[in-house]
Amino acid sequence: MSVYSVTGKGWRYDFTHKGTRHTEAWFKTKKEAQRAEAQKREELRNPPVVVEAPTDTDFLELVNLRLDHVKAYNSSSPGSVKKHLQNQRKVKINILKFQ
């Protein structure tokens, strides 16, 4: 075990795992430092499973609507104003859904 005391400060652990140094300080007792070290070693041996979140398609829809809005707004053709207003209403409705 790599638990040791520092006078006036408390206990700490310090070890390396696969070339990476892991250390934590300051524990009031030696037992606390030993438990924390054992817990950290176990966590490194068996890392928690990371679940990937699915892509939020609603957000992607909002982004696409915004891009359509910008494209219509920047266009100078007369039909684009109507399309711009329609897209603006869609964006407002979708934003209200998320609140």
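The values are calculated or read from the model by the stated rules, or taken from the named source; none is laboratory data. In this text, all values refer to a predicted model and were calculated from it rather than measured experimentally. Please note: Cβ atoms are built from the backbone with ideal geometry, for glycine as well, and neighbour counts cover all protein chains shown.
Evaluating Q34 against the criteria (1) in the same structural domain as Q88 (by TED's automatic domain parsing); (2) modelled with pLDDT of 85 or more leaves one unmet condition, (1). Among the residues of segment 1-38, those identified as surrounded by 11 or more Cβ atoms within 10 Å (Cβ to Cβ), hydrophobic (A, V, I, L, M, F, W, C) and part of a strand (DSSP E or B) are V3, W11, F15, A25, W26, F27.
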